[in-house]
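The values are calculated or read from the model by the stated rules, or taken from the named source; none is laboratory data. Note that the structure is a prediction, hence the values are computed from the model and not measured. Because the Cβ atoms are built from the backbone with ideal geometry, glycine has one as well, and the counts that use them run over all protein chains shown.
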Amino acid sequence: MACVLGIDVGSGYSKAVVLEDGKLRSCAVIPSGGDYREAGTKAAAEALDRAGITLTDIKRTVAAGYGGNMVDFADDTSTDISCHATGIHYLFPSARTVIDVGAQYSRAIRVDDEGRVGNFIMNEKCAGGSGKFLQVAARILHINIADIGELSLKAERPVKFTTGCAVFAESEAVSRISEGAAPADILAGIHNAMASKVVILAMRVGLDPDYVMTGGGAMDIGLVNSVGAELGAKLFVPDHPQITAALGAALIAWEQSKK
(Lines give C-alpha, C1' and ligand atoms only; values in the text may rest on other atoms or scores of the structure.)
Protein backbone atom coordinates (compact mmCIF):
# COMPACT_ATOMS: atom_id res chain seq x y z
CA MET A 1 0.00 0.00 0.00
CA ALA A 2 1.38 3.39 -1.06
CA CYS A 3 -0.76 6.34 0.00
CA VAL A 4 -0.39 10.07 -0.62
CA LEU A 5 -2.37 13.07 0.57
CA GLY A 6 -3.57 16.18 -1.27
CA ILE A 7 -5.01 19.18 0.60
CA ASP A 8 -6.76 22.27 -0.77
CA VAL A 9 -7.38 24.96 1.86
CA GLY A 10 -9.88 27.30 0.23
CA SER A 11 -11.37 30.55 1.51
CA GLY A 12 -14.72 28.86 2.14
CA TYR A 13 -14.00 25.15 2.41
CA SER A 14 -10.98 22.93 2.93
CA LYS A 15 -10.69 19.62 1.11
CA ALA A 16 -8.43 16.59 1.47
CA VAL A 17 -7.94 13.54 -0.75
CA VAL A 18 -6.14 10.27 -0.03
CA LEU A 19 -4.87 8.30 -3.00
CA GLU A 20 -3.75 4.69 -2.71
CA ASP A 21 -1.53 3.49 -5.57
CA GLY A 22 -2.74 6.45 -7.62
CA LYS A 23 -6.47 5.80 -7.08
CA LEU A 24 -8.99 7.66 -4.90
CA ARG A 25 -9.38 6.04 -1.51
CA SER A 26 -11.13 8.74 0.52
CA CYS A 27 -11.93 12.45 0.63
CA ALA A 28 -13.24 15.08 3.02
CA VAL A 29 -14.74 18.57 2.76
CA ILE A 30 -15.10 20.88 5.77
CA PRO A 31 -15.74 24.63 6.28
CA SER A 32 -12.45 26.54 6.49
CA GLY A 33 -13.57 28.99 9.18
CA GLY A 34 -11.01 31.58 10.25
CA ASP A 35 -8.04 29.31 11.01
CA TYR A 36 -6.58 27.87 7.81
CA ARG A 37 -3.90 25.88 9.63
CA GLU A 38 -6.54 24.13 11.72
CA ALA A 39 -8.84 23.66 8.71
CA GLY A 40 -6.11 21.91 6.72
CA THR A 41 -5.31 19.67 9.66
CA LYS A 42 -8.96 18.77 10.28
CA ALA A 43 -9.69 18.05 6.60
CA ALA A 44 -6.66 15.79 6.42
CA ALA A 45 -7.59 14.01 9.66
CA GLU A 46 -11.11 13.34 8.39
CA ALA A 47 -9.90 11.95 5.06
CA LEU A 48 -7.31 9.78 6.81
CA ASP A 49 -9.91 8.50 9.26
CA ARG A 50 -12.23 7.56 6.39
CA ALA A 51 -9.36 5.70 4.74
CA GLY A 52 -8.60 3.89 8.00
CA ILE A 53 -4.99 5.08 8.11
CA THR A 54 -2.88 7.69 9.90
CA LEU A 55 -0.49 10.39 8.73
CA THR A 56 2.44 8.02 9.31
CA ASP A 57 1.05 5.85 6.48
CA ILE A 58 1.26 8.76 4.03
CA LYS A 59 4.30 8.73 1.75
CA ARG A 60 3.97 12.34 0.58
CA THR A 61 1.65 15.32 1.08
CA VAL A 62 1.08 18.30 -1.22
CA ALA A 63 -1.00 21.31 -0.16
CA ALA A 64 -2.60 24.04 -2.25
CA GLY A 65 -5.20 26.77 -2.05
CA TYR A 66 -5.72 30.06 -0.26
CA GLY A 67 -4.21 28.67 2.96
CA GLY A 68 -2.06 25.91 1.52
CA ASN A 69 1.14 27.40 2.91
CA MET A 70 -0.34 27.06 6.40
CA VAL A 71 -0.29 23.24 6.19
CA ASP A 72 2.95 22.75 8.10
CA PHE A 73 3.07 18.97 7.68
CA ALA A 74 2.99 19.14 3.86
CA ASP A 75 6.10 18.07 1.96
CA ASP A 76 5.40 20.51 -0.87
CA THR A 77 2.92 23.14 -2.06
CA SER A 78 1.42 23.88 -5.46
CA THR A 79 -0.93 26.49 -6.89
CA ASP A 80 -4.61 25.61 -6.78
CA ILE A 81 -4.88 26.52 -10.47
CA SER A 82 -2.32 23.86 -11.42
CA CYS A 83 -3.98 21.39 -9.07
CA HIS A 84 -7.41 22.03 -10.62
CA ALA A 85 -5.96 21.41 -14.08
CA THR A 86 -4.24 18.20 -12.94
CA GLY A 87 -7.34 16.90 -11.17
CA ILE A 88 -9.68 17.69 -14.05
CA HIS A 89 -7.33 16.15 -16.62
CA TYR A 90 -7.31 12.95 -14.56
CA LEU A 91 -11.12 12.86 -14.45
CA PHE A 92 -11.87 14.26 -17.94
CA PRO A 93 -8.84 13.96 -20.26
CA SER A 94 -10.78 15.69 -23.06
CA ALA A 95 -11.52 18.80 -20.95
CA ARG A 96 -10.09 22.07 -22.24
CA THR A 97 -12.11 24.70 -20.35
CA VAL A 98 -12.75 24.55 -16.60
CA ILE A 99 -15.27 26.83 -14.89
CA ASP A 100 -14.75 26.79 -11.13
CA VAL A 101 -17.45 28.45 -9.01
CA GLY A 102 -16.17 28.69 -5.46
CA ALA A 103 -17.47 30.20 -2.23
CA GLN A 104 -15.81 33.59 -2.73
CA TYR A 105 -14.34 33.55 -6.23
CA SER A 106 -14.95 32.11 -9.66
CA ARG A 107 -12.31 31.34 -12.21
CA ALA A 108 -11.89 30.00 -15.71
CA ILE A 109 -8.95 27.79 -16.65
CA ARG A 110 -7.72 26.64 -20.05
CA VAL A 111 -6.19 23.15 -19.94
CA ASP A 112 -4.07 21.61 -22.70
CA ASP A 113 -4.07 17.97 -23.81
CA GLU A 114 -1.45 17.09 -21.19
CA GLY A 115 -3.31 18.67 -18.28
CA ARG A 116 -1.18 21.80 -18.09
CA VAL A 117 -2.58 25.30 -17.53
CA GLY A 118 -2.69 27.34 -20.73
CA ASN A 119 -4.39 30.41 -19.28
CA PHE A 120 -6.63 31.37 -16.38
CA ILE A 121 -8.55 34.30 -14.94
CA MET A 122 -10.34 35.01 -11.65
CA ASN A 123 -13.18 37.36 -10.71
CA GLU A 124 -11.50 38.56 -7.51
CA LYS A 125 -13.27 41.94 -7.41
CA CYS A 126 -16.89 40.80 -7.74
CA ALA A 127 -18.91 38.12 -5.94
CA GLY A 128 -21.63 38.16 -8.59
CA GLY A 129 -20.41 34.97 -10.24
CA SER A 130 -19.45 33.11 -7.06
CA GLY A 131 -21.12 31.07 -4.36
CA LYS A 132 -21.51 34.30 -2.35
CA PHE A 133 -24.40 35.18 -4.65
CA LEU A 134 -26.12 31.90 -3.75
CA GLN A 135 -25.51 32.48 -0.04
CA VAL A 136 -27.22 35.86 -0.34
CA ALA A 137 -30.18 34.27 -2.14
CA ALA A 138 -30.55 31.54 0.50
CA ARG A 139 -30.55 34.11 3.30
CA ILE A 140 -33.11 36.38 1.64
CA LEU A 141 -35.48 33.52 0.82
CA HIS A 142 -34.93 31.71 4.14
CA ILE A 143 -34.04 28.41 2.48
CA ASN A 144 -31.16 25.96 2.79
CA ILE A 145 -28.50 26.64 0.16
CA ALA A 146 -28.48 22.91 -0.69
CA ASP A 147 -32.14 23.20 -1.78
CA ILE A 148 -31.61 26.09 -4.22
CA GLY A 149 -30.83 23.99 -7.28
CA GLU A 150 -33.87 21.72 -7.21
CA LEU A 151 -36.22 24.56 -6.29
CA SER A 152 -35.00 26.71 -9.18
CA LEU A 153 -35.97 23.96 -11.64
CA LYS A 154 -39.62 24.66 -10.79
CA ALA A 155 -39.41 28.21 -12.16
CA GLU A 156 -42.10 29.23 -14.63
CA ARG A 157 -41.15 32.87 -15.17
CA PRO A 158 -37.50 33.43 -14.22
CA VAL A 159 -36.88 36.94 -12.90
CA LYS A 160 -34.56 39.01 -15.07
CA PHE A 161 -32.04 40.81 -12.90
CA THR A 162 -30.80 44.17 -14.16
CA THR A 163 -27.52 43.79 -12.28
CA GLY A 164 -24.90 41.06 -12.00
CA CYS A 165 -23.60 42.46 -8.72
CA ALA A 166 -24.37 40.40 -5.60
CA VAL A 167 -24.72 43.53 -3.48
CA PHE A 168 -27.25 45.29 -5.71
CA ALA A 169 -28.97 42.02 -6.61
CA GLU A 170 -29.86 41.56 -2.95
CA SER A 171 -31.93 44.75 -3.00
CA GLU A 172 -33.44 43.79 -6.34
CA ALA A 173 -34.39 40.32 -5.04
CA VAL A 174 -36.09 41.85 -1.99
CA SER A 175 -38.07 44.14 -4.31
CA ARG A 176 -39.15 41.19 -6.46
CA ILE A 177 -40.29 39.29 -3.37
CA SER A 178 -42.46 42.26 -2.34
CA GLU A 179 -43.91 42.27 -5.87
CA GLY A 180 -44.96 38.64 -5.40
CA ALA A 181 -42.33 36.83 -7.49
CA ALA A 182 -42.10 33.12 -6.66
CA PRO A 183 -38.88 31.94 -4.95
CA ALA A 184 -38.22 29.50 -7.80
CA ASP A 185 -38.42 32.32 -10.35
CA ILE A 186 -36.05 34.49 -8.30
CA LEU A 187 -33.54 31.66 -7.98
CA ALA A 188 -33.69 30.87 -11.68
CA GLY A 189 -33.06 34.55 -12.39
CA ILE A 190 -30.06 34.55 -10.07
CA HIS A 191 -28.69 31.47 -11.79
CA ASN A 192 -29.06 33.13 -15.19
CA ALA A 193 -27.29 36.27 -13.95
CA MET A 194 -24.45 34.19 -12.50
CA ALA A 195 -24.18 32.09 -15.65
CA SER A 196 -23.80 35.20 -17.77
CA LYS A 197 -20.92 36.44 -15.61
CA VAL A 198 -19.00 33.16 -15.45
CA VAL A 199 -19.34 32.52 -19.18
CA ILE A 200 -18.05 36.03 -19.94
CA LEU A 201 -15.14 35.17 -17.63
CA ALA A 202 -14.53 31.93 -19.53
CA MET A 203 -14.64 33.75 -22.86
CA ARG A 204 -11.65 35.79 -21.74
CA VAL A 205 -9.47 32.67 -21.61
CA GLY A 206 -11.01 31.31 -24.80
CA LEU A 207 -13.91 28.88 -25.05
CA ASP A 208 -12.84 25.42 -26.14
CA PRO A 209 -14.76 22.17 -25.46
CA ASP A 210 -14.99 19.95 -23.56
CA TYR A 211 -16.30 22.07 -20.68
CA VAL A 212 -16.16 21.06 -17.02
CA MET A 213 -17.71 22.87 -14.05
CA THR A 214 -16.26 22.45 -10.57
CA GLY A 215 -16.52 23.97 -7.09
CA GLY A 216 -19.46 24.24 -4.72
CA GLY A 217 -21.47 25.97 -7.44
CA ALA A 218 -21.32 22.77 -9.51
CA MET A 219 -23.41 21.07 -6.82
CA ASP A 220 -26.32 23.37 -7.79
CA ILE A 221 -28.12 21.68 -10.70
CA GLY A 222 -29.97 24.88 -11.55
CA LEU A 223 -26.73 26.83 -11.94
CA VAL A 224 -25.14 24.01 -13.94
CA ASN A 225 -28.10 24.04 -16.33
CA SER A 226 -27.96 27.83 -16.67
CA VAL A 227 -24.23 27.85 -17.42
CA GLY A 228 -24.70 25.06 -19.96
CA ALA A 229 -27.51 26.99 -21.65
CA GLU A 230 -25.40 30.16 -21.73
CA LEU A 231 -22.53 28.22 -23.29
CA GLY A 232 -24.82 26.37 -25.64
CA ALA A 233 -22.87 23.22 -24.83
CA LYS A 234 -22.83 20.20 -22.53
CA LEU A 235 -21.15 20.68 -19.17
CA PHE A 236 -19.37 17.81 -17.44
CA VAL A 237 -19.50 17.80 -13.64
CA PRO A 238 -17.30 15.58 -11.41
CA ASP A 239 -18.99 13.29 -8.90
CA HIS A 240 -17.29 15.33 -6.15
CA PRO A 241 -16.93 18.81 -7.71
CA GLN A 242 -15.43 20.46 -4.61
CA ILE A 243 -12.36 18.21 -4.38
CA THR A 244 -10.75 18.60 -7.82
CA ALA A 245 -7.87 20.79 -6.61
CA ALA A 246 -7.21 18.48 -3.63
CA LEU A 247 -7.29 15.55 -6.06
CA GLY A 248 -4.80 17.34 -8.27
CA ALA A 249 -2.55 18.00 -5.27
CA ALA A 250 -2.70 14.30 -4.39
CA LEU A 251 -1.86 13.32 -7.96
CA ILE A 252 1.15 15.64 -7.88
CA ALA A 253 2.17 14.05 -4.57
CA TRP A 254 1.80 10.61 -6.15
CA GLU A 255 4.06 11.52 -9.09
CA GLN A 256 6.64 13.03 -6.72
CA SER A 257 6.57 9.92 -4.52
CA LYS A 258 7.60 7.74 -7.44
CA LYS A 259 10.76 9.72 -8.12
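To keep it simple, each residue is scored yes or no on (1) of a type in the set (Asp, Glu); (2) farther than 21 Å from Ile221 by Cα.
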position: Ile58; (1), (2): no, yes
position: Asp72; (1), (2): yes, yes
position: Thr79; (1), (2): no, yes
position: Cys83; (1), (2): no, yes
position: Asp112; (1), (2): yes, yes
position: Phe133; (1), (2): no, no
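So in region 158-172, with the set limited to residues that are within 23 Å of the chain's Cα centre (by Cα) and either among the hydroxyl-bearing types (Ser, Thr, Tyr) or part of a helix (DSSP H, G or I) (or both), which one is modelled with the highest pLDDT?
Glu170
Touching a Cys at 6+ places or on another chain (Cβ under 9 Å), at pLDDT 95 or above and in the same structural domain as Cys3 (by TED's automatic domain parsing): is that true of Ala44 in this structure?
no
Go through the residues of region 230-246 one by one and say whether even a single one is out of contact with any Phe, Trp or Tyr (no Cβ under 8 Å at 6 or more places or on another chain), more than 30 Å from Asp21 (Cα to Cα), without any contact (Cβ under 8 Å) to a residue 40 or more places away in the chain and not in a loop (DSSP other than H, G, I, E, B).
Within region 230-246 (the criterion being out of contact with any Phe, Trp or Tyr (no Cβ under 8 Å at 6 or more places or on another chain), more than 30 Å from Asp21 (Cα to Cα), without any contact (Cβ under 8 Å) to a residue 40 or more places away in the chain and not in a loop (DSSP other than H, G, I, E, B)), the answer is yes, since at least one residue qualifies.
Pick from region 34-77 the residues that are aliphatic (A, V, I, L, M) and touching a helix residue (DSSP H, G or I) at 6+ places or on another chain (Cβ under 6 Å): which of them is farthest from Val17 (Cα to Cα)?
Only one residue fits best here, namely Met70.
Within region 102-128, track down each residue that is among the hydroxyl-bearing types (Ser, Thr, Tyr) and modelled with pLDDT under 85.
Answer for region 102-128, where residues must be among the hydroxyl-bearing types (Ser, Thr, Tyr) and modelled with pLDDT under 85: just Tyr105.
From the list Ile58, Ile88, Ile109, which residue is more than 19 Å from the chain's Cα centre (by Cα) and not acidic (Asp, Glu)?
Answer to the check: Ile58.
Among the candidates Ala218, Ala188, Ala195, single out the residue that is within 30 Å of Asp112 (Cβ to Cβ), without any contact (Cβ under 8 Å) to a residue 60 or more places away in the chain and in the same structural domain as Gly131 (by TED's automatic domain parsing).
Ala195
Which one is modelled with the lowest pLDDT among residues in region 1-37 that are assigned to a loop (DSSP other than H, G, I, E, B) and surrounded by fewer than 19 Cβ atoms within 10 Å (Cβ to Cβ)?
Restricting to residues being assigned to a loop (DSSP other than H, G, I, E, B) and surrounded by fewer than 19 Cβ atoms within 10 Å (Cβ to Cβ), the top hit is Met1.
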